[in-house]
Amino acid sequence: MTNLFFISSAFSQSQGGNTNDSLQIEALSSSASLDSALLTKKIRTNFSIGFRGGISIGKLEIASPLENDQNTTGIGSSITVFTNYRINSKFSIQPEINVGKYRSNNTLYQIALTEGKVDYSISTYDFNLLGVYSYSIKDWFSLSLEAGGSVAYLQNSFGKVVAPNIHVGGFYDTNSDNQFEKLNYGAIIGIVPSFNFENISIQASIRYRYGLNNINTFDYKLNRYLSDSERTIQTRDIIFQIGFFVPIYKKEKVIGE
């Protein structure tokens, strides 16, 4: 009985010692984790990302319109994803990818001396590169001016034909290879008010985009709706967007390990 009591007592002491050791190890681990957290802080990098969506109000500008040509605006859509690299506190560079749809109502064709209207819808992928100047008015509000260039790739297009004189209407596909240039390029200028919070900015954007390329590739043999291949046609549109702008942070150690 004495031996059994002795063994039981020794086992209890051993268990108590293991528990104390475990508590000490957990305490040291928690202390190490706390020290590690205290040794790092969040630093804002020069990069930010953003997203905007909105509408475009545009038209196809005819350089040499005919007597019966009409040129009115149409409402399209625009979605933009971008990244921003800050050079200093005021200047930054901003590459963008935009998916857009131009809309324009034009009287551009003649069928047996009958004029009619075509409601064009042209979908494009746009690649923009902008320089941005930002000025902080308040801690929570800033204003940015942006300017740069744009290259657009024509994905597809179609037009709704309406000829009221003979009551003919319908949809027809306008092959982009035959009717519009695959590539367009132009200039962009805009203004962006931003409402700044701790880790995000809410932005509104107003831009004017001026197409510089003549996108007219009309061939009468392939497209009976536009008989004059001498017309210079360029894109013009104003873009209204709302979105957000998020700075990218990284963790940096305050002192060495």
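The values are calculated or read from the model by the stated rules, or taken from the named source; none is laboratory data. Treat the numbers as computed from the prediction; the structure is a model and nothing was measured. With ideal geometry, Cβ positions are generated from the backbone for all residues, glycine too; neighbour counts draw on all protein chains shown. Note: areas computed on protein heavy atoms with side chains; ligands, DNA, RNA excluded. Shrake-Rupley method; radii C 1.70, N 1.55, O 1.52, S 1.80 Å.
List of remarks:
- Inter-residue pairs, beta-carbon under 6 Å, first in contact (Cβ under 8 Å) with a residue 40 or more places away in the chain and in region 76-97, second hydrophobic (A, V, I, L, M, F, W, C) and not in a loop (DSSP other than H, G, I, E, B), 6+ apart: 78/239; 92/132; 94/82; 94/130; 94/132
- Test result for residue 185, surrounded by fewer than 20 Cβ atoms within 10 Å (Cβ to Cβ), of a type in the set (Ser, Thr, Tyr) and modelled with pLDDT of 85 or more: yes
- Close pairs (8 angstrom Cβ cut-off, 6 or more residues apart or separate chains): over 20 Å from residue 54 (Cα atoms) and assigned to a loop (DSSP other than H, G, I, E, B) in region 192-216, β-branched (Val, Ile, Thr) and open to solvent by less than 20 Å² (accessible area, probe 1.4 Å) anywhere: 214/233; 215/233; 215/235
- Selection count, region 55-75, where residues are open to solvent by 30 Å² or more (accessible area, probe 1.4 Å) and either in a strand (DSSP E or B) or modelled with pLDDT of 80 or more (or both): 8
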